[in-house]
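A short worksheet on the structure shown next.
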Amino acid sequence: MIKTVLEQQKTVNGNEISLLDAGGTGKTILTIGVFHGDEPSGKYLIEKYLKNIKKTKNRLLFIPCLNPDGLFAGTRGNANGVDLNRNFPTKNWQLSEKNKYFGGESPAGEIETKFLINIIENYRPDLILTLHEPYRIVNYDGPAQDIAEKISEITGYKTEESIGYPTPGSFGTYCGIERHIPVITLEFAPTIESEDAVLPIETPEKLWCLYEKVMNFLAEF
């Protein structure tokens, strides 16, 4: 399938973030990979899906890699050491300790965050799917429980409304809770070793079947 590049943005390190359009005219579904650079499977899965997609009723938009600087460095945060999933201008954003969950010096202070906020405002997605690792759950924010339960049936992962720990400034809070856009955080099995990894480690290729089924559902629901 021919995909259209709708938007592009250079990062601090000169890497490129792209918004791709795979077609369709129904609901607008936005899928985002690699919020965290040490959770790399999203990019592989999205790029493989774009090569294999044949048809879609809904409009499918993709950001294969939101955090290329972190991906190339193998770090959770971006080039500034910011956890992008703590950098959104939510009511609960707070200046935090400079550890791996550092939310930045100011809300929406990072290039990647500003890029994604612009996409949300300009394309107004009806549903957002973000691809993470390593907890094997389907987390959701906003009015997304029904869809989360369907994705749970497809993947065999449990549905969880809470990830289990505070996430001030998170994307799910920004879009799901404060803007009432259904947001699904699909936490795949880990593909690399980390302190949070829930064994066993799996390859992105092994996750492909699950992701393809999820996207085929979202393309038509």
Exercise. Which whole-Hz ³J(HN,Hα) couplings does segment 28-34 yield from phi under the Karplus relation 6.51 cos²θ - 1.76 cosθ + 1.60, θ = phi - 60°, glycine and proline marked x?
Worked result: 8, 10, 9, 10, 10, x, 6
Seminar exercise, completed: Rounded to whole angstrom, the alpha-carbon centroid of segment 103-147 lies from that of segment 1-52 at a distance of 13 Å
Exercise. Which longest uninterrupted range of the chain lacks any GluC sites (Glu not before Pro) assigned by DSSP to a loop state (not H, G, I, E or B) and surrounded by at most 11 other Cβ atoms within 10 Å?
Worked result: 1-96
Exercise. Exactly which trypsin sites (Lys or Arg not before Pro) in segment 127-168 are in a DSSP loop and have at most 11 other Cβ atoms within 10 Å?
Worked result: none
Seminar exercise, completed: For segment 162-175, in residue order, the Karplus 3J(HN,Hα) values (coefficients 6.51, -1.76, 1.60; θ = phi - 60°; whole Hz; Gly and Pro = x) are 10, 6, x, 8, x, 9, x, x, 7, 5, x, 5, 4, 8
Seminar exercise, completed: The set of residues whose placed amide H lies less than 5 Å from the amide H of residue 59, leaving out same-chain residues fewer than 5 positions away, is 25, 26, 27, 28, 29
Problem set entry | the chain - mean residue ellipticity at 222 nm from DSSP helices (-39,500 (n - 2.57) per run, n ≥ 4, rounded to 500) | -8000 deg cm²/dmol
Seminar exercise, completed: With x for Gly and Pro, the residue-by-residue ³J(HN,Hα) of segment 84-101, computed from phi through the Karplus equation 6.51 cos²θ - 1.76 cosθ + 1.60 at θ = phi - 60° and given in whole Hz, is 4, 7, 10, 10, 8, x, 8, 5, 9, 4, 8, 6, 10, 4, 7, 10, 5, 9
For this session: Using Cα pairs closer than 8 Å and at least 6 residues apart in sequence, work out the relative contact order for segment 67-149, in percent.
Result: 19 percent
Problem set entry | Gain on full stretching of the segment that runs from residue 55 to residue 146 - 0.36 nm per residue minus C-alpha separation | 30.4 nm
Problem set entry | Lys, Arg +1 and Asp, Glu -1 on Cβ, resulting dipole of segment 29-183 about Cα centre, debye, nearest 20 | 560 debye
Problem set entry | 5 angstrom amide H check on residue 160, placed H, neighbours 5+ away | 138, 139, 140
For this session: Just need the relative contact order of the chain here, percent rounded to a whole number, with Cα pairs under 8 Å and 6+ apart.
Result: 21 percent
Seminar exercise, completed: Checking rank on 35-41, 71-77, with mean other Cβ inside 10 Å and highest first, the result is 35-41, 71-77
For this session: Give me the distance in nm between label points sitting 7 Å out from Cα along the Cα-to-Cβ direction at residue 206 and residue 193, one decimal.
Result: 1.5 nm
Exercise. Quick one: of the DSSP bridges fully inside the chain, what percent are antiparallel, nearest 5?
Worked result: 40 percent
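Bear in mind that the values in this text are calculations on the coordinates, not laboratory data. Just so it is clear, the model here is predicted, and its values are computed rather than measured. Please note: Cβ atoms are built from the backbone with ideal geometry, for glycine as well, and neighbour counts cover all protein chains shown.
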